[in-house]
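What follows is calculated from the coordinates using simple rules that are stated; it is not laboratory data. It should be emphasised that the depicted structure is a prediction, and the values quoted were computed from it without experimental measurement. Here the Cβ positions follow ideal geometry from the backbone for every residue, glycine too, while neighbour counts run over all protein chains shown.
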Amino acid sequence: MRLSALFTRLIVFIAAAFLSVAAAQTTVSVVEERSVLAVQETLVDQGYDWATVLGDGLQVILEGEAPTEAVRFRAISAAGGMVDASRVIDNLSVTDSEIITPPEFAIEILRNDAGVSLIGLIPATTDREALAARITDIADGQPVTDLLEVADYPTPPTWRDAVNYALRALSLLNKSKISVKADLVIINAISDSPDEKRQLEVALARNRPDAVRLAIDISAPRPVISPFTTRFILDADGARFDACTADTQDALDQILDAASEAGFQERANCILALGAPSRTWGDAVAQSITAVENMGGGTVTIADTDVTLIAPIGTGQATFDNIVGRLENSLPEAFALTAELPEIPDETGEDIAQFTATLSPEGTVQLRGRVPDDVTNTVVENFANARFPQRDITMGTRTAEGMPAGWSVRVLAAIEALSELSNGAVVVDADKLQIRGNTGNEDASGAISRLLIEKLGQTADFEIDVTYVKELDPIAGLPTPEECIAQIIAATEGRKITFDPGSADLTAATQPVVDDIADILKKCGDLPIRVSGFTDSQGREVMNQQLSQDRADAVLTALRARRVPVSTFESIGFGEENPIADNDTEEGREANRRIEFSLIVPETTAEETSILDELAAETPIEDTQDNDASQTDDTATESE
């Protein structure tokens, strides 16, 4: 009995253990299933459907590929919010991240009367101290606000070119906003006058780096024109403007539309200006041009509120009256019309009075033709001397009686009109004035037209045929910096700048060379130019360096004496550095003794070399002795 009871207890204990294990397994399975389901639903709801949830007992295993490390961490946190975080097993991986795109380096520079401010992102390789020093120098005492941030990413290859150019532009523009990117510089600025605007545009265009795009918008106050004038002609040569002025862009569009309908197809050199006598200026000019078109030709001049219409010779009286009547009734109220129908000239064969003035490309002025008396002849000569100072003036005039009324005024107006040209001729007849020639002023035709209207009246018959030549423009015709250096090379081809032995005194024989270089530099405008002196290796190094500096200074002084603007120049002596030939031979030493002219290209960093290639015009120095330094430590030497 006792054995049977013990066996029964054992059976019960084993059954209880089996049931306990089964219950535990069932519980774990239920917990595992519910945990996996809860975590999976949470991840899907939060957008982490790329993750897979597996159960291993009480552990929850996360598998899958997260797009970023941050997303991976958020997915683990979401799973830990549903089950104990210690039960979450992280088997997640992260997608290989692409190479981080470097930020776009950019600077916004603002300069006005309050100072200079900079904001943007620049490379970490930038020498901030050098950049700040350069900006401070440009600001010229005004405060500088530097809000630039730095990023340690590779510097774009054109970044320094763009920054160098932007800083050069900033030094020219007192009121400006300059946006700098690696491949683009945008300049918005305000100038004090239209002439200054042209000068700035030309100067900025000349120094643009090849790899950098440029956008320039320089505004200038509109000129004040009086009388406010437009003159339109339609004849056998076609439709054209002698002068074109408008007060608004809408008025200008209205004028050009009417001119286009009349056959005008060229580029109009019209001016937006102040001084319009009425807000209806555009309407009055457009109607007047249309009247010329309807008449089949003629000339119309609108000066302030006076409209003068001259019909072509041979126009029928009925046609003339009809067109003039319609224009007179349709013109805005402020404008008054004067119309003239020329009579057919009577060819009687009489001697025709004429005066001619010519201006040659070399600057010679010749005056020929008739004047009424000796007093007028003297006035004409003096007036020509005043309008053409320091020019060779040849008088070929003669006095004659019976000259037309107002002849003296017409002759003087013709001389003044000729002074607006670089070369050309003007012919004065009894009833007409003709001026032809070349000019470097784009508005010369308009200026001459306004001048003749003011001097001779609106009914004056004159013809202007003036051609704008860019090479004659004192601003647009300036050579580029590279062209200036190339011209110096050509001017010194086969010639040498020479100095007295062991000194910095220019020899008499070298004066013509310096004269030619000065003439070139006077035409180049304000350029940053370095005059560098070099020696051979004979003598002490310190003495050579000092001698090269003295010689560079001597060349700069010689240029200054020839009235070359050298405020942007610098002279540096390099001594025996950078030899271009072998110092062991006489020929090599002679080649190494030289002066070089090169463009100064500012650097934005102290560690890096200049961005633009330096162009040098090498002019060897022929010394009458071999040694540039005539003294050694204790003994003076001289080599013949």
Peptides 148-158, 401-411 ordered by average Cβ neighbours within 10 Å, highest first: 401-411, 148-158
Extension reserve of the T480-E333 stretch, reckoned as 0.36 nm per residue once the Cα distance is removed: 47.7 nm
Area projected by the alpha carbon convex hull of region 28-94, averaged over all directions, nm²: 3.6 nm²
Pairwise label distance in nanometres, D56 with R74, each label 7 Å out on the Cα-Cβ vector: 2.8 nm
Area projected by the alpha carbon convex hull of region 229-340, averaged over all directions, nm²: 6.1 nm²
Candidate lysines - alpha carbon under 28 Å from K455, same-chain residues fewer than 8 apart omitted: K432
Under 5 Å, built H, 5+ apart or other chain: amide partners of F569: I529
Within straight-line cross-link reach of K175, lysines at Cα separation under 26 Å, skipping those fewer than 8 residues along the same chain: K197
Local net charge near A286, Cβ-Cβ under 15 Å (Lys/Arg +1, Asp/Glu -1): -4
Nearby aspartates and glutamates by direct alpha-carbon distance to K522 (threshold 17 angstrom, same-chain neighbours under 8 apart not counted): E471, D473, E482, E483, E570
Sparsely packed GluC sites (Glu not before Pro) within region 478-566, loop by DSSP, other Cβ within 10 Å at most 12: E493
Stretch gain in nm, segment K432-S260, where the contour uses 0.36 nm per residue and the Cα spacing is subtracted: 59.2 nm
Calculated semi-axes √(5λ) of the Cα gyration tensor in Å (choose from [x] 35, 31, 25; [y] 81, 49, 16; [z] 41, 31, 23), label: [y]
Size of electric dipole in the chain: Cβ of Lys, Arg +1 and of Asp, Glu -1, about Cα centre, debye, nearest 20: 2240 debye
Helix runs (DSSP H) in the chain reaching 24 Å along axis by Cα, Kyte-Doolittle at least 1.0: 2-45
Distance in nm between pseudo-label sites at D515 and I572 (7 Å out along the Cβ direction from Cα): 3.2 nm
Additional length obtainable on full extension of the chain from M395 to D113, 0.36 nm per residue less Cα span: 96.1 nm
Those GluC sites (Glu not before Pro) in region 264-372 that DSSP places in a loop and that have at most 10 other beta carbons within 10 Å: E266, E333, E343, E347, E350, E362
Spin-label pair E340/L274, simplified geometry with 7 Å Cα→Cβ offset, distance in nm: 3.4 nm
